[in-house]
Amino acid sequence: MEDNREKRFFRRGLVLGMLLAAAAFVLSGCATAHFLPRFLGRGNSNEEQIDAKVQELNKYIDEYYLFDYEEEDVENGIYKGLMAGLGDVYTGYYTPEEYASFMESSNGSYSGIGAMMQQDYATGIIAVVKVFEGSPSAEAGIQPGDILYMVEGEEVTGQDLSLVVSDLKGTEGTQVNISIARGEDILELTLTRRSIQVPTVESRMIDGQIGYIAITEFDDVTDEQFMTALDSLEAQGMKKLIIDLRDNGGGLVDVTCAILDRLLPEGLIVYTEDKYGNRQEETSDGEHYFAGDMAVLVNGNSASASEIFAGAVKDYGVGTLIGTQTFGKGIVQSLFPLSDGSAVKITVSRYYTPAGNNIHEVGITPDLIVEADRESETDVQLQKAIEVLSR
């Protein structure tokens, strides 16, 4: 997250950005020849060449382009294309409206359809990983594993996940039309947006000594929700703890570290290094760490901040990781608000576990590899965690 969130940008290419730049800047009378070289780092030697190409592109647009267009949309295309040209799916540009929607989703409440989405970056496919109880999605019969195919008639595969999520959100009471792929079937649904309170933490006692806490994502409200859940379980006599990070795509690093500070002994939690070698450390003071046995459940959708969590637990040896190999996102993004209300999200550093491991594009291997059995009514990974803690 990411690191603020894995809510992210998909490549469309610098060429697209330059083409759109041509239209917007010639139409608006801006000095394109001075704008593009500065941003593309090409220097003054290419100014004449770029200016000539801009004029050539503009000529074809003026003479042949069939449709009407909004200059604001073309201008936004400049910025999106410029950032996409870096070739990093986690780096991108947010319009003022997209940025406001993005920030809204991290504060624990929003108006939308009540489904959590995650993207496979290899294929661009966006799938449902969780449906909130009592939400419009639940009432429409949407299920985990369903693929979000279209929103308002536009295919969303390969689009930036955070922007797709923004399209699903909106004013309470308004409707959004979506297409869901389930196997070979396409379901056409119209959902009415409602206010959604995001339950990022769920907890319960499994037996007299084992407590269970599931964290769906690390948002602004998650550390407070986690502390409340942990205190409640301890008041009920919990001695051992299962933390479920399966399908948790990440979130806020500071929130993750606040939770780990409550669980780990004194020492390093995670550190980051930027392009200049500058190192920043997050540590635990060990003042209130959890002394009981722990098990942490992970899978291929456990990413980013979840891997910071899992990596610290594994390196300290204070818990058993159970499940399957994690996603493998070991880089950190920062959000930079711009003066007009827009923002850019930029990958700024790599993060390392306490033992010095960077797991980017590798992931974390569980101590006990247990594949999920989707045909069974029994959660075999959870049952293995209970078995381990019951020894």
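In the stretch 336-343, the condition of being in contact with a Pro (Cβ under 6 Å, 6 or more places away or on another chain), on the phi > 0 side of the Ramachandran plot and not assigned by TED's automatic domain parsing to the domain that holds Ala84 is met by at least one residue. Would you confirm, using the coordinates I've provided, whether Tyr316 is over 19 Å from His360 (Cα atoms), among the aromatic types (Phe, Trp, Tyr), modelled with pLDDT of 95 or more and in the same structural domain as Thr353 (by TED's automatic domain parsing)? Considered against the rule, which asks whether it is over 19 Å from His360 (Cα atoms), among the aromatic types (Phe, Trp, Tyr), modelled with pLDDT of 95 or more and in the same structural domain as Thr353 (by TED's automatic domain parsing), Tyr316 comes out as yes. Checked against the criterion of being in contact with a His (Cβ under 7 Å, 6 or more places away or on another chain), closer than 24 Å to Lys130 by Cα and not β-branched (Val, Ile, Thr), the candidates Gly323, Gly328 yield just one match: Gly328.
Would you confirm, using the coordinates I've provided, whether Phe327 is touching a residue at least 12 places away in the same chain (Cβ under 8 Å), in the same structural domain as Gly211 (by TED's automatic domain parsing) and over 22 Å from Pro199 (Cα atoms)? Taking the combined requirement at face value, the residue satisfies it. Residues that are modelled with pLDDT under 90 and in a loop (DSSP other than H, G, I, E, B) within the stretch 135-166 comprise Gly158, Gln159, Asp160, listed in sequence order. Criterion applied to Ala235, Ala229 was being free of Cβ contacts under 8 Å to residues at least 12 places away in the same chain and surrounded by fewer than 20 Cβ atoms within 10 Å (Cβ to Cβ), and the one residue passing it is Ala235.
Identify, from the list Ile322, Ile308, the residue that is in a strand (DSSP E or B) and within 30 Å of Gln119 (Cα to Cα). Going through Ile322, Ile308 in turn, just one is in a strand (DSSP E or B) and within 30 Å of Gln119 (Cα to Cα): Ile322.
Evaluate the stretch 300-314: report whether one residue or more is surrounded by fewer than 23 Cβ atoms within 10 Å (Cβ to Cβ) and of a type in the set (Gly, Ala, Ser). Yes, some residue in the stretch 300-314 is surrounded by fewer than 23 Cβ atoms within 10 Å (Cβ to Cβ) and of a type in the set (Gly, Ala, Ser). Across the stretch 105-118, the qualifying residues are those that are in contact with a Ser or Thr (Cβ under 9 Å, 6 or more places away or on another chain) and at pLDDT 85 or above, and the one among them that is nearest to Gly158 (Cα to Cα) is Met116. With the requirement that a residue be within 25 Å of Ser101 (Cα to Cα) and in contact (Cβ under 8 Å) with a residue 40 or more places away in the chain, what does the stretch 189-214 give you? Leu189, Leu191, Thr192, Arg193, Arg194, Ser195, Ile196, Gln197, Val198, Pro199, Thr200 - these are the residues of the stretch 189-214 that are within 25 Å of Ser101 (Cα to Cα) and in contact (Cβ under 8 Å) with a residue 40 or more places away in the chain. From the list Leu297, Leu268, exactly one residue is buried (at least 16 other Cβ atoms within 10 Å of the Cβ), over 24 Å from the mean Cα position of the chain (by Cα), touching a residue at least 12 places away in the same chain (Cβ under 8 Å) and in a strand (DSSP E or B). Which is it? Checking each option against the conditions leaves just Leu268. Scan the stretch 49-93 for residues that are in contact with a strand residue (DSSP E or B) (Cβ under 8 Å, 6 or more places away or on another chain) and either in the same structural domain as Ser334 (by TED's automatic domain parsing) or not hydrophobic (A, V, I, L, M, F, W, C) (or both) and the total you get is 8. If the condition is being surrounded by 13 or more Cβ atoms within 10 Å (Cβ to Cβ), within 21 Å of Asn301 (Cβ to Cβ) and over 22 Å from the mean Cα position of the chain (by Cα), then the stretch 182-218 contributes Arg182, Ser203, Tyr212. Counting only residues that are farther than 21 Å from Asp223 by Cβ and of a type in the set (S, T, N, Q), the stretch 176-209 holds 6 of them. Reported count of residues in the stretch 325-341, each being within 19 Å of the chain's Cα centre (by Cα) and part of a loop (DSSP other than H, G, I, E, B), is 6.
Could you list all residues from the stretch 234-265 that are outside any loop (DSSP other than H, G, I, E, B) and polar (S, T, N, Q)? Hit for the stretch 234-265 is Thr256, nothing else. With respect to the conditions (1) in contact with a strand residue (DSSP E or B) (Cβ under 8 Å, 6 or more places away or on another chain); (2) closer than 30 Å to Gly81 by Cβ; (3) in contact (Cβ under 8 Å) with a residue 40 or more places away in the chain, Ala181 lacks only one, and its number is (3).
The values are calculated or read from the model by the stated rules, or taken from the named source; none is laboratory data. Here the structure is a predicted model, which is why all the values come from computation and not from measurement. Positions of Cβ are backbone-derived with ideal geometry, glycine not excepted, and every protein chain shown enters the neighbour counts.
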